[in-house]
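Okay, so here's the structure we're looking at.
The values are calculated or read from the model by the stated rules, or taken from the named source; none is laboratory data. In this text, all values refer to a predicted model and were calculated from it rather than measured experimentally. Here the Cβ is made from the backbone with ideal geometry for all residues, glycine too, and neighbour counts use every protein chain on show. Accessible surface areas use protein heavy atoms only, side chains included; no ligands, DNA or RNA. Shrake-Rupley method; radii C 1.70, N 1.55, O 1.52, S 1.80 Å.
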Amino acid sequence: MKNSKKQTIFICGILVTSILSGCSRNVEKAKNKNIIVQPTIAEIEYNKMIENPSKFPISFIYDNRYYYGFDGFIIQDKKVSINGEKKQVVIDLLHVDNLLKVTLDTAFYRNYDAYEWTVYFTNIGNRNTSILSDISAANISFEGANPVVRGNYGDYGGYFTPFEKKLENEPLSFEATDGRSCSQWMPYFNIETDNGGAMIAIGWPGTWNAKFETKDNITNFKGNGTSNFSTYLKPGETYRTALMAFVRYYERDYDLATNKWRRWYIDCNMPYEDNAQTKKLSSIATVSFVSDTPIGWYRGGSEFENQYTWRKSLDAVKAHDLKFDYHWFDAGWYIGTSGFSLDDSWFEVGTWELDEAKWPGDTFKEYTTAMKEELGIKGTTLWFELERFTGPVKNYISRCPQYNTDWLIPNDSESYLVDHSIPECRDWLFDKVTSVMDHAGISIFREDHNFDIKYAFKAGDALKGNRPGITENLHFQGKLELWDRILQWQLDTGRPAFLEMQSSGGNRQDLELLRRSVSFFRSDSDITLDSPFTISKINSLNKWIPFGGVLFGRVVETDSTNPRDKFQWRSAYSSNLCVPLQYQNLTEETWDLLEWGLEEYDKYKPYVFYDFYELTPTKPLYDTTQWVSRMYFDSKTDKGVLETFTFKDTKETMKKIKLKGVNPDHWYRLVDEDGINGATRVKGSELLNGYDIYLEPRTSSLIWIEPLNKKGE
């Protein structure tokens with residue numbers, strides 16, 4: 001098939017017989033076994049790409065010529081390495097001008113039908129290259145009728161609400177324009193057809209674009225980061241594309257596709273927890289004392305946290321023997337750029353110097369050490385916002401002459417972008433971060449991002465000689481390098497193997513960043529919105545990002561000193577539960593509920609990385625009439641948990657819920673944590689047809705699914 005520009009479109013075939021007849025049947029021996037392993041359909045697709053780079057599914061314009069693939073480029077090197085499930089193939093190519101080198105970094109994950117790539121364009125000459133523009137890091141097509149595109153709005157675009165759009169006569173286009181990857185849309189898509197489809201991720205922290213169009217049962221997808229890139233490369237400069245990742249499936253089954261993606265994400269992408277990098281990060285409960293301040297939270301209450309505020313909170317938590325995994329510390333611990341303590345706002349950022357008035361000597365380290373030794377937590381995360389500088393620049397430069405104003409790109413009247421593309425700037429930031437973490441006993445670097453930086457990108461492009469896209473691309477390359485450097489420092493010093501990320505909540509949750517980090521809570525909306533909203537948000541995000549927390553302790557429904565009721569606790573259960581309450585003010589009654597919630601969550605959390613199923617229709621965010629039922633289930637162990645919620649305006653008190661994932665021929669015991677529905681012995685086939693659950697309005701149930709033997713005993 002050819003498009004309007006006469007290039008060959010790479011088509012990922014769907015029909016097994018047609019693919020196998022058109023491709024070689026290369027086989028490989030399984031490790032330590034004398035068996036022959038046939039390549040999967042996805043592996044054949046991947047092999048076709050890397051065996052013929054001239055038709056690799058990428059497109060761009062260079063030196064006024066349109067390229068689909070790397071036709072005419074000379075292959076200089078090819079390296080293959082295998083690490084567990086991951087087979088990595090890196091190919092170096094050179095343009096005929098002897099200036100533009102391309103590095104094609106690809107990988108295939110056999111047992112997950114997943115492949116990915118990132119492409120690097122580097123000027124290896126001693127003069128500027130020609131213009132590089134119109135880059136689609138992926139320009140790939142999928143075969144199948146009745147295509148549908150599924151995805152989610154971004155955090156600010158609609159609090160991660162899912163959408164489903166039929167792809168018919170008009171193409172569908174999506175674009176993130178404000179410089180944060182998940183503000184408007186999530187950079188994750190499911191292109192689904194009658195013959196299956198692909199789960200797609202665009203891994204890039206800034207702007208990106210995606211376009212889907214279909215014709216004659218062929219759906220074409222184009223996508224990339226740094227949406228407006230169009231410029232030459234100076235000697236030594238590199239442009240890199242977004243990480244493009246695909247998990248393929250070959251039948252129309254939404255749950256199958258979702259859980260195939262989840263397994264690949266968990267096993268092959270989610271960060272490790274331990275320094276030896278042998279254990280993936282598990283579900284956790286985290287604590288913060290940001291509410292135990294004179295103004296409480298939310299208005300950035302942590303600017304009042306100091307050496308005098310924490311002991312009473314810690315003693316209260318310790319007295320009730322509450323168990324948390326990690327402790328997080330928010331903004332306001334640093335001196336302002338004006339040189340003074342931040343007593344009423346945390347927004348004046350850029351110094352990254354510990355405020356000695358609040359934390360003299362080793363008092364911060366005494367705090368974090370007590371958290372470890374007395375509460376048994378694994379470590380503390382500390383808030384930074386390294387990309388933003390606000391406040392009086394001249395004042396700060398006079399106190400910190402090693403700080404260079406050339407590192408600052410104006411963004412608006414109040415803030416500057418700190419340009420991470422400059423090596424000296426990254427060195428300064430790295431030294432600041434690691435010295436503070438060492439001095440304060442911090443285990444995990446935590447970064448936030450609270451401003452729209454598209455204006456700084458445009459300003460930077462102008463300052464760099466009117467080169468569209470160069471500021472963003474070089475900045476984020478530098479940011480990823482800095483993150484990798486901080487992460488390696490954590491490993492080298494015996495700290496955890498992950499970073500922690502915020503972006504005004506959940507406005508940056510792209511795959512490139514999430515391979516290095518997790519979000520202890522993934523939306524600031526937890527602060528202001530209530531349980532029906534939270535339940536919907538968890539359902540939406542769980543399908544794409546299995547690890548992510550909910551901030552329990554919202555300022556709605558009851559006052560902030562109350563740890564809520566059972567319904568609200570369960571509405572916040574996810575792979576991480578953040579609990580920032582005013583511990584100094586809790587009554588014994590509320591302490592009892594807090595202890596109950598953490599104990600039940602500890603029982604619940606091993607299930608959250610099982611396969612996930614939404615059993616009732618997707619509920620609008622604020623709807624308070626529907627039932628919501630979801631489950632996590634592991635087909636290998638035959639274990640799972642079934643959660644169901646009703647709301648204040650729900651009329652029905654009984655609903656037949658059809659379970660998913662269970663084996664129709666197996667027997668199960670269903671045990672209701674509250675004893676409402678009793679312990680039930682039931683066959684899988686019956687569960688698939690419907691299980692009756694009884695609930696009053698605004699209540700919840702938690703039902704454990706356990707395997708029985710073949711006789712149902």
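A few remarks follow.
- Counting the residues of segment 53-70 that are open to solvent by 20 Å² or more (accessible area, probe 1.4 Å) and either part of a helix (DSSP H, G or I) or within 21 Å of Ala242 (Cα to Cα) (or both) gives 4.
- Meets criteria (surrounded by fewer than 22 Cβ atoms within 10 Å (Cβ to Cβ), closer than 20 Å to Gly441 by Cβ, touching a residue at least 12 places away in the same chain (Cβ under 8 Å) and among the aromatic types (Phe, Trp, Tyr)) for Phe324: yes
- Test: residue in segment 201-210 that is more than 30 Å from Leu93 (Cβ to Cβ), touching a residue at least 24 places away in the same chain (Cβ under 8 Å), touching a strand residue (DSSP E or B) at 6+ places or on another chain (Cβ under 8 Å) and buried (at least 22 other Cβ atoms within 10 Å of the Cβ): no
- Residue in segment 642-659 that is open to solvent by 30 Å² or more (accessible area, probe 1.4 Å), farther than 21 Å from Thr625 by Cβ and at pLDDT 95 or above present: no
- Checking each residue in segment 549-579 for being at pLDDT below 50 and of a type in the set (A, V, I, L, M, F, W, C) picks out Val555, Val556.
- Checking each residue in segment 169-179 for being out of contact with any Asp or Glu (no Cβ under 6 Å at 6 or more places or on another chain), surrounded by 12 or more Cβ atoms within 10 Å (Cβ to Cβ) and over 9 Å from Thr207 (Cβ atoms) picks out Leu172, Phe174.
- Of the numbered criteria (1) surrounded by 15 or more Cβ atoms within 10 Å (Cβ to Cβ); (2) modelled with pLDDT of 95 or more, the one Arg127 fails is (1).
- Here Phe609 passes the criteria (1) more than 25 Å from Ser525 (Cα to Cα); (2) open to solvent by less than 60 Å² (accessible area, probe 1.4 Å); (3) of a type outside the set (Val, Ile, Thr); (4) part of a loop (DSSP other than H, G, I, E, B) except the one numbered (1).
- Verdict on Glu353 being more than 26 Å from the chain's Cα centre (by Cα), among the charged types (D, E, K, R), open to solvent by 10 Å² or more (accessible area, probe 1.4 Å) and under 25 Å from Ser519 (Cα atoms): yes
- Enumeration of residues in segment 181-200 that are open to solvent by less than 10 Å² (accessible area, probe 1.4 Å) and in a loop (DSSP other than H, G, I, E, B): Ser181, Cys182, Ser183
- Residues of segment 58-115 satisfying the condition of being out of contact with any helix residue (DSSP H, G or I) (no Cβ under 7 Å at 6 or more places or on another chain) and of a type in the set (S, T, N, Q): Ser59, Asn64, Gln76, Ser81, Asn83, Gln88, Asn98, Thr103, Asn111
- Filter result for Ser523 (at pLDDT below 95 and either farther than 23 Å from Phe647 by Cβ or in contact with a Ser or Thr (Cβ under 8 Å, 6 or more places away or on another chain) (or both)): no
- If you filter segment 248-264 down to residues that are among the basic types (Lys, Arg) and assigned to a helix (DSSP H, G or I), you find that the one that is least open to solvent (accessible area, probe 1.4 Å) is Arg262.
- Residue check, Asp343 at pLDDT below 95, of a type in the set (Asp, Glu), under 16 Å from Phe445 (Cβ atoms) and open to solvent by 10 Å² or more (accessible area, probe 1.4 Å): no
- If only residues of segment 488-507 that are within 23 Å of Ala176 (Cβ to Cβ) and either among the aromatic types (Phe, Trp, Tyr) or out of contact with any His (no Cβ under 6 Å at 6 or more places or on another chain) (or both) are counted, the one that is modelled with the lowest pLDDT is Gly505.
- Phe633 vs. criteria open to solvent by less than 20 Å² (accessible area, probe 1.4 Å) and either out of contact with any Gly (no Cβ under 6 Å at 6 or more places or on another chain) or more than 29 Å from Val287 (Cα to Cα) (or both): no
- Close pairs (8 angstrom Cβ cut-off, 6 or more residues apart or separate chains): under 15 Å from Tyr239 (Cα atoms) and among the acidic types (Asp, Glu) in segment 84-100, modelled with pLDDT of 95 or more and open to solvent by less than 50 Å² (accessible area, probe 1.4 Å) anywhere: Asp92/Val102; Asp92/Thr103; Asp92/Leu104
- When segment 356-381 is filtered for residues that are open to solvent by 40 Å² or more (accessible area, probe 1.4 Å), out of contact with any Lys or Arg (no Cβ under 8 Å at 6 or more places or on another chain) and not in a loop (DSSP other than H, G, I, E, B), the ones remaining, listed by number, are Lys365, Glu366, Thr369, Glu373.
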